[in-house]
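To start, the structure under review is shown below, and the notes come after it.
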Amino acid sequence: MIEAVQKDDAFLEDVRVKRGLGELSIWWLGQSGFLVQSGGKHLLIDPYLSDSLTKKYAETDKPHVRMTERVIAPERLDFIDLITSSHNHTDHFDPETLDPLLSVNPATKIILPEANRGVSPPRLSEHNDPERFIGIDADRTQRSGGINVHGIAAAHNKLERDERGHHKFLGYVFDIGRWRVYHSGDCRWYPGLAEGVRLFRPDVAILPINGDEPGRRVAGNFDGLEAARLAKDIKTKIVMPCHFEMFEFNTVEPDLFVKSCDEIDQPYKVMRSGERWSSEEFG
Ligand SMILES: [Zn+2]
């Protein structure tokens, strides 16, 4: 099991350190999950903080063996202003994570694709209050908890819409404090993606790198080369890879990403689970 570099009490202490309101701090929580802090606000993106998939697939031919230990129990994150989900696969919308989160953050809402709102799955066991779920679509903006969220269509293999025409997979551009962060969700390259995101000039881009490998299941992510190129294309100041080191059957080494970023002079940060990156590093 890969150890988290900070977890439990040590992780919470790091989150609670008093920082300047102008600073941006980002912690990787494993898979596509991130905690983002700025201007006194806390945003939680795609949190997966349970073992629900390991339990669900334990007796099947698709065991989801966890590779990295959990950073924090969701019920200890009682200071969250907004939660988002990029699509309704369990590693991006996990009822076992979201139920306790909604309990300890009674005023906090979840922004998720309108196509996923109210469909089953996802369905939370205790918290089905529709008021707490805000649907969003590509090219639309919502604001909640003092954070702006703009939807960007994501091609989880391909762009898909429901019968009402709403995108099933999204990425988001967040405005938090004075910073702009792009999290693509599970996404592959498609025509118009870079042009659309470039308009926002995100300071930070968070991109999955768990691309396809011959003979392996299709993961619906960029590979390391595509992620590096997209980051360069959208002119982001720094790119962080994600969607690896969570499940043994569904991971990749970040080597190709690192090599590709180096080759094209794209600044990057490969996080470890529980690690923090801060905007101080921009100097
Ligand atoms: Zn995924």
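Laboratory data are not the source of any read-out in this text; all were calculated from the coordinates shown. In this text the structure is predicted, and so the values were computed from the model without any measurement. Cβ atoms come from the backbone with ideal geometry, glycine included; neighbour counts cover every protein chain shown.
For the chain, the share of DSSP beta bridges that are antiparallel, to the nearest 5, is 65%.
Please give the contour-minus-distance gain from K259 to D8: 0.36 nm per residue of separation, less the Cα-Cα distance, rounded to one decimal in nm. List each step's numbers first, then the result.
On the way: separation 251, 0.36 × 251 = 90.36 nm, distance 3.26 nm.
Net length gain for the segment: 87.1 nm.
Taking other residues whose beta carbon is less than 13 angstrom from the beta carbon of M67, and scoring Lys, Arg as +1 and Asp, Glu as -1, yields -4. For the chain, the residue among F247, L101, T84 whose Cα projects farthest onto the positive side of the dipole built from Cβ charges is T84. Calculated translational diffusion coefficient of the range 227-277 (20 °C, 1.002 mPa s; Stokes-Einstein with Kirkwood radius over alpha-carbon pairs) equals 184 µm²/s.
When the label point is put 7 Å from the Cα of A194 along its Cα-to-beta-carbon vector, which residues of the range 247-264 have a backbone N closer than 18 Å? Only 257-264 pass the distance filter. Structure note, pairs K232/K259; K41/K109; K62/K232; K109/K269; K18/K235; K41/K269: Cα-Cα distances above 24 angstrom occur for K62/K232; K109/K269; K18/K235. How big is the Rg/Rh ratio for the range 141-267, C-alpha atoms only, Rh by Kirkwood, two decimals? Rg divided by Rh gives 0.97. About its Cα centre, the range 8-278 has a charge dipole of approximately 820 debye under the convention of +1 per Lys or Arg Cβ and -1 per Asp or Glu Cβ, with nothing else charged. Charge tally for F282 (other residues, Cβ to Cβ under 9 Å; Lys, Arg +1; Asp, Glu -1): -2.
Rounded to the nearest 500, what is the 222 nm mean residue ellipticity of the chain from helices alone, with -39500 (n - 2.57) per DSSP H run of 4+ residues and division by all residues? Let's see the in-between values first.
Details: 6 runs with 49 residues, N = 283.
So the helix-based figure for the chain works out to -4500 deg cm²/dmol.
Step by step: find N for the chain, compute 2.2 N^0.38 Å, then divide the Cα radius of gyration by it. What's the final number?
Numbers: Rg = 17.3 Å, N = 283, 2.2 N^0.38 = 18.8 Å.
In units of the globular-protein estimate, the chain measures up at 0.92.
Between the residues H150, G171, L193, the greatest Cα displacement towards the positive end of the dipole of the range 138-209, with unit charges on the Cβ of Lys, Arg, Asp and Glu, is found for H150.
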